[in-house]
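Asker: Structure in structure tokens, see below.
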């Protein structure tokens with residue numbers, strides 16, 4: 001599928017939430033630079049991402065982040081074959097900053113523009129370090145805004161087998177972390193606290209969705225944690241935060257692994273990947289590795305730096321869109337609720 005005659009180098013931009021990121025990627029799998037300016041410190045004050053603050057911060061940082069990415073790659077705009085950008089899903093104001101910037105750069109430099117789906121980017125993060133990975137494979141995308149179980153039929157061709165009916169896994173982590181006083185961001189805080197806890201101390205529920213066995217629901221386990229905490233306080237029982245964190249984390253990861261392996265068993269596909277911010281969770285990674293090993297499945301996962309939002313993954317996805325002939329016009333717009341597979 002790759003053009004062996006010429007390297008394709010893409011400048012990629014990602015501003016869907018609270019990371020301002022730019023990267024230069026060659027042939028979809030070789031990262032020449034990957035620059036991320038995180039806003040975590042700004043949003044920690046408020047216990048979560050404030051969209052208006054995120055948008056303003058992107059405006060302040062985006063030019064220097066792109067300049068740094070080009071500098072780090074020892075390249076300039078004339079060396080690029082295309083400019084790629086996340087255009088959805090995400091926070092509309094944050095997305096607009098990246099889309100406007102990418103359009104301006106592409107227009108000014110006379111380069112093609114490629115809009116990339118954020119979840120497609122997360123899936124494609126697996127191509128960066130796993131050079132041998134090719135479709136078809138199954139991928140579990142778990143992040144603050146998304147929980148999707150996806151069949152990757154081919155580059156750019158996806159079938160969603162299951163998705164969350166309510167809270168995304170990462171969203172549940174954030175809410176539970178806040179409830180037990182760990183703060184923001186929830187995922188790393190829960191994982192850290194759980195190391196000192198007993199994952200079997202409290203039996204939190206594992207929800208099943210009757211209409212689709214692959215779908216997820218995390219609002220019930222989140223509510224169960226809140227009810228448990230309130231119940232303890234009303235009865236004057238001391239709360240062991242580490243046990244709550246460990247038991248909650250196990251309840252969520254058990255469901256993610258169970259549904260994923262059910263899809264692997266029923267599809268017969270022997271390659272399984274994980275992606276998204278929650279994919280950097282050590283308990284999930286280890287549990288998934290063991291489950292894949294037991295079934296003789298090849299298991300793939302990005303390094304943590306490519307799990308959280310970054311532009312390298314957007315450049316990886318854009319390469320395959322470029323090869324497929326996708327080019328976007330200057331009317332490309334931010335689509336905050338963009339569905340995977342939509343154009």
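Asker: Report whether or not residue 202 is closer than 30 Å to residue 41 by Cβ, outside the structural domain of residue 44 (by TED's automatic domain parsing) and in contact (Cβ under 8 Å) with a residue 40 or more places away in the chain. Step through it out loud before you land on a result.
Answerer: Details: closer than 30 Å to residue 41 by Cβ: no; outside the structural domain of residue 44 (by TED's automatic domain parsing): yes; in contact (Cβ under 8 Å) with a residue 40 or more places away in the chain: yes.
No; evaluated as a whole, the condition is false for this residue.
Asker: Can you pull out every residue in segment 100-130 that is assigned to a loop (DSSP other than H, G, I, E, B) and in contact with a strand residue (DSSP E or B) (Cβ under 9 Å, 6 or more places away or on another chain)? Talk me through it step by step, then tell me what you get.
Answerer: So the first thing to find is which residues in segment 100-130 are assigned to a loop (DSSP other than H, G, I, E, B), and the list is 110-112, 130.
Across segment 100-130, the qualifying residues are 111, 112, 130.
Asker: Quick check on segment 281-298: of everything there that is buried (at least 18 other Cβ atoms within 10 Å of the Cβ) and touching a residue at least 40 places away in the same chain (Cβ under 8 Å), which residue is nearest to residue 151 (Cα to Cα)?
Answerer: 288
Asker: Same structure, new question: Looking only at segment 270-280, count every residue that is farther than 12 Å from residue 140 by Cβ and crowded, with 18+ Cβ neighbours inside 10 Å and tell me the total. Talk me through it step by step, then tell me what you get.
Answerer: Initially, segment 270-280 is screened for residues farther than 12 Å from residue 140 by Cβ, giving 270-271, 277, 280.
From what is left, the residues that are crowded, with 18+ Cβ neighbours inside 10 Å are 271, 277, 280.
Total meeting the criteria: 3.
Asker: Does residue 209 meet the test of being closer than 24 Å to residue 164 by Cα and touching a helix residue (DSSP H, G or I) at 6+ places or on another chain (Cβ under 6 Å)? Walk me through it before giving the result.
Answerer: On the way: closer than 24 Å to residue 164 by Cα: yes; touching a helix residue (DSSP H, G or I) at 6+ places or on another chain (Cβ under 6 Å): no.
Here the answer is no, as residue 209 does not meet what is asked.
To keep it simple, each residue is scored yes or no on (1) over 25 Å from residue 171 (Cα atoms); (2) at pLDDT below 95; (3) not assigned by TED's automatic domain parsing to the domain that holds residue 201.
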{"residue": "240", "(1), (2), (3)": "no, yes, no"}
{"residue": "264", "(1), (2), (3)": "yes, no, no"}
{"residue": "277", "(1), (2), (3)": "no, yes, no"}
{"residue": "280", "(1), (2), (3)": "no, yes, no"}
{"residue": "285", "(1), (2), (3)": "no, no, no"}
{"residue": "297", "(1), (2), (3)": "yes, no, no"}
{"residue": "331", "(1), (2), (3)": "yes, no, yes"}
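Asker: Please determine, by comparing only the residues of segment 299-325 that are surrounded by fewer than 18 Cβ atoms within 10 Å (Cβ to Cβ) and touching a residue at least 60 places away in the same chain (Cβ under 8 Å), which one is nearest to residue 132 (Cα to Cα). Show your work before the answer.
Answerer: Going residue by residue through segment 299-325, those that are surrounded by fewer than 18 Cβ atoms within 10 Å (Cβ to Cβ) are 299, 303-305, 323-325.
Narrowing the set further to residues that are touching a residue at least 60 places away in the same chain (Cβ under 8 Å) leaves 303, 305, 323-324.
Numbers: 303: 16, 305: 20, 323: 18, 324: 20 Å.
Taking the candidates together, the pick is 303.
Asker: Okay, next question. Among 12, 41, which is the only one that is free of Cβ contacts under 8 Å to residues at least 12 places away in the same chain and outside any loop (DSSP other than H, G, I, E, B)? Walk me through it before giving the result.
Answerer: Values: 12 fails: free of Cβ contacts under 8 Å to residues at least 12 places away in the same chain.
On inspection, the qualifying residue turns out to be 41.
Asker: Give segment 1-52 a look and list any residue that's farther than 30 Å from residue 177 by Cα and at pLDDT below 95, or say none.
Answerer: 1, 2, 3, 4, 5, 6
Asker: Continuing with the same structure: Here's a check for you: in segment 333-343, which residue that is touching a helix residue (DSSP H, G or I) at 6+ places or on another chain (Cβ under 6 Å) and surrounded by fewer than 21 Cβ atoms within 10 Å (Cβ to Cβ) is farthest from residue 40 (Cα to Cα)?
Answerer: Quick first cut of segment 333-343, residues touching a helix residue (DSSP H, G or I) at 6+ places or on another chain (Cβ under 6 Å) only: 334, 336, 340.
Next cut, surrounded by fewer than 21 Cβ atoms within 10 Å (Cβ to Cβ) only: 336, 340.
Numbers: 336: 21, 340: 27 Å.
Looking at the filtered set, the residue picked out is 340.
Asker: On to the next question. Quick check: is even one residue across segment 82-99 without any contact (Cβ under 8 Å) to a residue 12 or more places away in the chain and either in a helix (DSSP H, G or I) or farther than 21 Å from residue 276 by Cα (or both)?
Answerer: Here is the first cut: in segment 82-99, the residues without any contact (Cβ under 8 Å) to a residue 12 or more places away in the chain are none.
So far as segment 82-99 goes, no, none of its residues is without any contact (Cβ under 8 Å) to a residue 12 or more places away in the chain and either in a helix (DSSP H, G or I) or farther than 21 Å from residue 276 by Cα (or both).
The values are calculated or read from the model by the stated rules, or taken from the named source; none is laboratory data. Small disclaimer: the values here were computed from a predicted structure and weren't measured. No Cβ is skipped: glycine too gets one built from the backbone with ideal geometry, and neighbour counts run over all protein chains shown.
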